[in-house]
Amino acid sequence: MFFFFVGGLEQQVRQVLKTGAGKCINCGSRADLVEYEKVFKLFFVPVLRWPGKEPLMHCPGCSLFFPPGAAPPPPPPPPPPEPLLDVLRCSSCGQPVDSNFRFCPFCGSAL
């Protein structure tokens with residue numbers, strides 16, 4: 001006797017709790033906080049569904065489910081710009097230039 005079985009288990013979004021709650025750890029796009037359910041399929045037909053234990057993050061772009069704690073932290077704020085103290089500035093365009101230059105690299109005027 002020969003038996004051919006086609007079935008599987010997958011996760012599906014049941015309800016979106018918060019849109020744009022984080023970033024995807026796989027592709028970096030927007031991820032939503034969702035309630036999910038597990039679905040057992042037999043010959044591509046859903047046979048059994050049961051709810052997931054706790055909310056997960058879901059990326060609609062790459063269809064990845066991941067725990068909220070796995071989301072990358074937000075990037076640190078950029079450092080403040082360094083003050084330009086003793087810098088020679090071009091008299092035509094006002095850009096800072098190196099004191100070794102004879103011509104402005106931005107506008108080409110003589111220094």
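Observations on the structure shown:
- Proximal charge balance of A31 [Cβ under 12 Å; K/R count +1, D/E count -1]: +2
- Charge dipole of the chain about the Cα centre (unit charges at C-beta), most positive-ward option of F103, G20, W50: W50
- The value obtained for region 11-70, namely the Cα convex hull volume divided by the number of residues, is 80 Å³ per residue.
- Mean separation of Cα contacts under 8 Å, 6 or more apart, over the residue count of the chain: relative contact order %: 18 percent
- Residues K18, K38, sorted by accessible area with the largest first, give K18, K38 [1.4 Å probe; ligands and nucleic acids excluded].
- Evaluated with a Cβ-only charge set (Lys, Arg +1; Asp, Glu -1), the chain carries a dipole of roughly 360 debye about its Cα centre, given to the nearest 20.
- Hydrodynamic radius (Kirkwood) for region 7-109, which is based on Cα pairs only, to one decimal in Å: 18.2 Å
- Gap separating the Cα centres of region 44-69 and region 1-30, nearest whole Å: 4 Å
The values are calculated or read from the model by the stated rules, or taken from the named source; none is laboratory data. Source: prediction; values computed, not measured. Every residue, glycine as well, gets a Cβ built from its backbone with ideal geometry; the counts of neighbours run over all protein chains shown. When the accessible area is computed, the model is the full protein with side chains, heavy atoms only, and any ligands, DNA or RNA have been set aside. Shrake-Rupley method; radii C 1.70, N 1.55, O 1.52, S 1.80 Å.
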